Amino acid sequence: MNDGKKLLLSVKNLKKYFPLHGGIFYRHVGDVHAVDGVSFDVYQGETLGVVGESGCGKSTLGKALLHLYPPTAGKVEFEGLDLEEIPVRQLREMRKEMQMIFQDPMESLNPRMSVGSILEEPFIIHKGEHEFGTAEKRKAEILRILEEVGLPASAFDRYPHEFSGGQRQRIGIARAIALKPKLVVCDEPVSALDVSVQSQVLNLMVRLQKEMNLTYIFIAHNLSVVKYIADRICVMYLGRVVEDAPSQAMYEKPMHPYTQALISAIPEPDPALKKEKQVLEGDVPSPIKPPPGCHFHPRCPHAREQCKKDTPALRPTGGDENHRVACHFAEEIFEAASHLQALET
Ligand code: SF4
């Protein structure tokens, strides 16, 4: 799985619940189960795609990985260090290595700051931890970064509102890579952009990854974007990982009924390869009171009695340790679907 690569991030049974309070005494009345027992490893230089419908917990997961939300349970280890255990000062220094790119650059860039000031901020926050100690050195480095992300030097004195959506996302990327991080969590970085601009931004991210040996966690709500960029994909449903596999295996042999529905929704450019779209009934249930057993059972066309009671473990499938699925009947469902397809062709 790791091809001798270094383990960068290890997530173990991570849970993040947000308490709910109500009534006249403002008592604790429940929890939003945003992330509910997620485990995976990420190796240096790879891209892990995290996919799921809105409300499945993927953005909360992204923030919890960077310890922007302390975990309710479980742990996140970065380069072998438990982020919950290390002193605050060390965590602050470590943030230099872990950056984030947000979905809406307009919301994440301060409109009252020039691009030069926005990009200088990380150097000032982490002063003493890099070689750009003077304003002159910082400006030279910022101009280099602007060129690196495909923006002109004149951007330095301009403000975010003077740029297009794609250019603003380039500013967001420039800020994220300014301190040469190891890990970048990308939270739907191209969802707000026109399709024509999406591929330019994705190309830029791929190039930067190669040049800087970056590790990406790429969060997206559909599989078509991650298909382009991810080495491995985790599919999330209601706070849990339901399938985790190398990208190619995920597209060629999706084992979980939810993944199969997501893949069937990817538009097929070749009309000769027309495929049947599986429409999922209903919405994602509330994370305040998730369904018992398999969270997916109210929407799963293959659900049986056992699914309503027993939570399926995330386990290897097809004799492949790298391909894991959380479904009691995954192999049976896959075999039946393959048999049907063979009869139809
Ligand atoms: Fe569907 Fe049951 Fe599998 Fe859940 S465990 S995905 S409900 S068949």
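Please treat every number below as a calculation from the coordinates, not as lab data. Not measured: the values here are computed from a predicted model. Glycine gets a Cβ as well: all are built from the backbone with ideal geometry, and neighbour counts include every protein chain shown.
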Seminar exercise, completed: Given pairs Lys5/Lys308; Lys75/Lys182; Lys58/Lys253; Lys6/Lys253 and cut-off 29 Å on Cα-Cα distance, the over-length ones are Lys5/Lys308
Problem set entry | Label-point gap, in nm, between Glu268 and Glu332 - each point 7 angstrom along Cα→Cβ | 2.8 nm
For this session: Taking trypsin sites (Lys or Arg not before Pro) as candidate sites, keep only those in a DSSP loop with at most 14 other Cβ atoms within 10 Å, then name the longest stretch of the chain containing none of them.
Result: 128-273
Problem set entry | Gain in span if fully extended, Asp310 to Glu252, counting 0.36 nm per residue against the direct Cα distance | 18.1 nm
Exercise. Which one of Leu183, Leu223, Leu146 has the biggest mean-square fluctuation once the chain is modelled by GNM with Cα springs under 10 Å?
Worked result: Leu146
Exercise. Hey, in the GNM for the chain with a 10 angstrom Cα cutoff, which one of Thr134, Thr72, Thr47 fluctuates hardest?
Worked result: Thr134
For this session: Consider all pairwise Cα distances in the chain and report the whole-number % of them above 31 Å.
Result: 39 percent
Exercise. Quick one: Glu97, Glu46, fewest Cβ neighbours within 10 Å first, how do they rank?
Worked result: Glu97, Glu46
For this session: Provide Glu131, Glu147 in ascending order of the number of other Cβ atoms located within 10 Å of each residue's Cβ, fewest first.
Result: Glu131, Glu147
For this session: Work out how much length Leu20 to Glu211 would gain on full extension: take 0.36 nm times their residue separation and subtract the Cα-Cα distance, in nm to one decimal.
Result: 64.3 nm
Problem set entry | Distance (nanometres) between label positions extended 7 Å along Cα→Cβ at Lys127 and Lys63 | 2.9 nm
Problem set entry | Residue order, fewest to most beta carbons within 10 Å, for Cys56, Cys307 | Cys307, Cys56
Problem set entry | Extended-chain gain in nm, criterion 0.36 nm per residue less alpha-carbon gap, Gln44 and Val279 | 80.9 nm
Problem set entry | Neighbourhood net charge (9 Å Cβ-Cβ; Lys/Arg +1, Asp/Glu -1) for Tyr69 | +2
Exercise. What are the chymotrypsin sites (Phe, Trp or Tyr not before Pro) within region 21-130 that DSSP puts in a loop, where the Cβ has at most 15 other Cβ atoms within 10 Å?
Worked result: Phe25, Tyr26
Problem set entry | Helical mean residue ellipticity (222 nm; -39500 (n - 2.57) per DSSP H run of 4+; nearest 500) of the chain | -10000 deg cm²/dmol
Seminar exercise, completed: One finds, for Leu340 and Leu91 with R0 = 45 angstrom and r their Cβ-Cβ distance, a FRET efficiency to the nearest 0.05 of 0.30
Problem set entry | Dimensionless Rg/Rh of region 9-117 - Kirkwood Rh, Rg from C-alpha atoms | 1.02
Exercise. What's the center-to-center distance, using Cα atoms, between region 37-64 and region 279-345 in Å?
Worked result: 20 Å
